[in-house]
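Trainee: Take this structure, written in structure tokens, and hold onto it; I'll ask about it next.
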Amino acid sequence: MHFSPLMIIASAIAGSAAHVTLQPSSKHDENDLITGLDWNDTSPALVERNFLARCGLGFGKCSDDGCCSTAGYCGKTKAHCRSPDCQIDYGHCDAHMTPDGPPTSGIPRPKVGKVPYGPKVVRSCVGAGNIALTFDDGPNKYTEDLLDLLDKYDAKVTFFITGNNNAKGPIDTPGMPWASMIERMYQSGHQIASHTWSHQDLSKITPEQRRIQILWNEVALRNILGGFPTYMRPPYSSCTEKSGCLKDMGNLGYHVILYDIDTEDYRHDSSSAIQGSKDIFDKNLARAKASHKSWLVIAHDVHEQTVYNLTEHMVKKASKDGYNIVTVGECLDDPEENWYRMDESSELTILRKTKPLATANRVISHDGRCGGNVTCRGSKFGSCCGKNNYCGNSPKHCGFGCQPNAGHCQKARHTSTVHKHGPEKRPATSDAGSLLPPGLSVVELVLFAALASSAGDLLRLLVFALIHESLG
Ligand SMILES: [Zn+2]
């Protein structure tokens, strides 16, 4: 890890994030070790102004929208405001940035499949011969290279995505690379799971803050993918029964996923130290044979050595020992349609920020391929364009990952549930000034027309409502 002089000064004054978190704790605070971003825009003026302002327990909140650093100093630099270090109860933090778009809280969360949901915890895969590599805390600046590496070996893994940590900004921010990386993950066949909005310790915050940590990440992921995951991993592996966290995760419809191999890559992020993580991986694999065991492995794509060194070792070693590299869902024998919840209103309301929906110059597919300006609508191969850019009519083509700008897409998997419990949708009236209610019979229309010529709008509506009621 390299710090510029400005970064060091900013960190020292902040109190700081970097100073405190460079010491790895015994509790997987992997995320804290990362800077990964350019801090050169730190404003010396802001740093100076807030130099002496204290905050936190015993001091209270920062004034003037200041952020409260880990060590209890107010300021507005990235070192003060970045999550998860910034103290969310004592000032402004990156964690308070709200993703755009409607809330996901009303989306039904049926617990389908045989994989346990919270309050139960999943620590291991089922069956034998599989290894689920998982990467937490990203995306970040190395993630694109990791995706290239995984493509090279055709290895499918699981990404536990954090919505806004390490000062990267919300993952759905236009102009930032995160959304397209997440889309690429999904299109490549990797599994997308949640690692919360801003990487807070879920056992140490209030139930409402916990909900926000889950729901805001859902909104941001829904903005990118049209749906959100049913799999999550709590930051720092911290989600206790006592705090109510595990129960809350269950109520929100999540599988709580831990691991049975911890590579401890956050402790070994240097070219000389990373051998320690390789040794951990190898020693664990030596404990059993591929014919008898599967493994669930934790690593972090925010670490340089993990991306450029450890991962290739793990992929090669797994293959040499006879394992398949699979996603967590596959390792748990859970069908892909259970890994996500679709937002059924997404066709109307979702801001798909990475790919604006172009409508001009559409060409109907003539060979079954689709995407870009080639649509499946009107093609003989089926009307939906699936995530792998082929037309078809199956749930694989029309369900999650379906490309709405290149054909028809099925609405949510749980459409019937939504309609059963939710308010019935009525067609919108085309004229905002119209008093004509929708769904009228011919008799009603005639009566309405007759009344319209002789009475004021209010009276007309009143009388009409009575007639409509009496006609059933
Ligand atoms: Zn983490």
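Trainee: Any residue at all in segment 322-334 that is within 27 Å of Glu144 (Cβ to Cβ), within 29 Å of the chain's Cα centre (by Cα) and within 16 Å of the ligand (Cβ to nearest atom)?
Mentor: Kept after step one, since they are within 27 Å of Glu144 (Cβ to Cβ), are these residues of segment 322-334: 323-331.
Then drop every residue that is not within 29 Å of the chain's Cα centre (by Cα), which leaves 323-331.
Next, from what is left, pick out any that are within 16 Å of the ligand (Cβ to nearest atom): 328.
Within segment 322-334, one or more residues are within 27 Å of Glu144 (Cβ to Cβ), within 29 Å of the chain's Cα centre (by Cα) and within 16 Å of the ligand (Cβ to nearest atom).
Trainee: Taking interchain pairs and intrachain pairs at least six residues apart, which have beta carbon atoms under 9 angstrom, with the first residue in segment 222-237 and at negative phi and the second within 11 Å of the ligand (Cβ to nearest atom) and in a helix (DSSP H, G or I)?
Mentor: Pro235/Glu30; Pro235/Asn31
Trainee: For Asn40, all conditions in the list (1) out of contact with any strand residue (DSSP E or B) (no Cβ under 7 Å at 6 or more places or on another chain); (2) at pLDDT 90 or above hold save one; what is the number of the exception?
Mentor: Condition (2) is where Asn40 drops out.
Trainee: Criterion first (in contact with a helix residue (DSSP H, G or I) (Cβ under 8 Å, 6 or more places away or on another chain) and away from the ligand (no atom under 16 Å from the Cβ)) does Ser105 satisfy it?
Mentor: On the way: in contact with a helix residue (DSSP H, G or I) (Cβ under 8 Å, 6 or more places away or on another chain): yes; away from the ligand (no atom under 16 Å from the Cβ): yes.
So Ser105 passes the test.
Trainee: Which residues, counting only those in segment 269-288, are more than 16 Å from the ligand (Cβ to nearest atom) and in contact (Cβ under 8 Å) with a residue 12 or more places away in the chain?
Mentor: Residues of segment 269-288 more than 16 Å from the ligand (Cβ to nearest atom): 270-276, 278-288.
Hits for segment 269-288 are Ser270, Ser271, Ala273, Ile274, Gly276, Lys278, Ile280, Phe281, Asp282, Asn284, Leu285.
Trainee: List pairs: first residue in segment 97-120 and within 18 Å of Ala220 (Cβ to Cβ), second residue of a type in the set (Gly, Ala, Ser) and in a loop (DSSP other than H, G, I, E, B) anywhere in the structure, Cβ distance under 6 angstrom, at least six positions apart or on different chains.
Mentor: Arg109/Gly253
Trainee: Of these, Asp136, Asp172, Asp145, which one is in the same structural domain as Leu246 (by the TED database), within 16 Å of the ligand (Cβ to nearest atom) and in contact (Cβ under 8 Å) with a residue 12 or more places away in the chain?
Mentor: On the way: Asp172 fails: within 16 Å of the ligand (Cβ to nearest atom); Asp145 fails: within 16 Å of the ligand (Cβ to nearest atom).
Only one candidate passes the filter, namely Asp136.
Trainee: May I pose another question? Which residues, taken from segment 282-306, are in a helix (DSSP H, G or I) and either surrounded by fewer than 16 Cβ atoms within 10 Å (Cβ to Cβ) or touching a strand residue (DSSP E or B) at 6+ places or on another chain (Cβ under 9 Å) (or both)? Write out each step before concluding.
Mentor: Just the residues of segment 282-306 that are in a helix (DSSP H, G or I), to begin with: 282-285, 304-306.
Residues satisfying the conditions are Asp282, Lys283, Asn284, Leu285, Thr306.
Trainee: Look at segment 66-90 and say how many of its residues are surrounded by fewer than 22 Cβ atoms within 10 Å (Cβ to Cβ) and not in a loop (DSSP other than H, G, I, E, B).
Mentor: 0
Trainee: What's the number of the only condition in (1) over 14 Å from Thr98 (Cα atoms); (2) without any contact (Cβ under 8 Å) to a residue 24 or more places away in the chain that Arg210 fails to meet?
Mentor: Result: Arg210 fails condition (2) only.
Trainee: Restricting attention to segment 215-244, and to residues there that are farther than 22 Å from Asn405 by Cα and basic (Lys, Arg), which single residue is farthest from the ligand (Cβ to nearest atom)?
Mentor: Of everything passing the filter in segment 215-244, Lys242 is farthest from the ligand (Cβ to nearest atom).
Trainee: Could you please find all residues in segment 196-229 being of a type in the set (Ser, Thr, Tyr) and either buried (at least 24 other Cβ atoms within 10 Å of the Cβ) or within 8 Å of the chain's Cα centre (by Cα) (or both)? Please lay out each step first, then the result.
Mentor: Residues of segment 196-229 of a type in the set (Ser, Thr, Tyr): 196, 198, 203, 206.
Selection gives Thr196, Ser198.
Trainee: Given the conditions (1) touching an Asp or Glu at 6+ places or on another chain (Cβ under 6 Å); (2) in the same structural domain as Lys247 (by the TED database); (3) under 26 Å from Met181 (Cα atoms); (4) not aromatic (Phe, Trp, Tyr), which single one is not true for Asp151?
Mentor: It is condition (1) that Asp151 fails.
Trainee: Any idea which of Ser194, Ser203, Ser180 is among the small types (Gly, Ala, Ser) and free of Cβ contacts under 8 Å to residues at least 60 places away in the same chain? So that I can check it myself, show each step before the final result.
Mentor: Numbers: Ser194 fails: free of Cβ contacts under 8 Å to residues at least 60 places away in the same chain; Ser180 fails: free of Cβ contacts under 8 Å to residues at least 60 places away in the same chain.
Criteria check complete, one pass: Ser203.
Trainee: Going by the structure shown, is Ile131 β-branched (Val, Ile, Thr) and in contact with a Leu (Cβ under 7 Å, 6 or more places away or on another chain)? Lay out the reasoning, then the answer.
Mentor: Values: β-branched (Val, Ile, Thr): yes; in contact with a Leu (Cβ under 7 Å, 6 or more places away or on another chain): no.
In short, no.
Table: residues versus (1) within 16 Å of the chain's Cα centre (by Cα); (2) away from the ligand (no atom under 13 Å from the Cβ).
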residue	(1), (2)
Tyr153	no, yes
Ile161	yes, no
Met181	yes, yes
Gly189	yes, yes
Ser194	yes, no
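For every residue, the table says whether it meets (1) in contact with a Phe, Trp or Tyr (Cβ under 9 Å, 6 or more places away or on another chain); (2) within 24 Å of Asn164 (Cβ to Cβ).
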{"position": "Asn217", "(1), (2)": "yes, yes"}
{"position": "Tyr231", "(1), (2)": "yes, yes"}
{"position": "Ser243", "(1), (2)": "no, yes"}
{"position": "Thr263", "(1), (2)": "yes, no"}
{"position": "Trp295", "(1), (2)": "yes, no"}
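The values are calculated or read from the model by the stated rules, or taken from the named source; none is laboratory data. Computed from a predicted structure; not experimentally measured. Please note: Cβ atoms are built from the backbone with ideal geometry, for glycine as well, and neighbour counts cover all protein chains shown.
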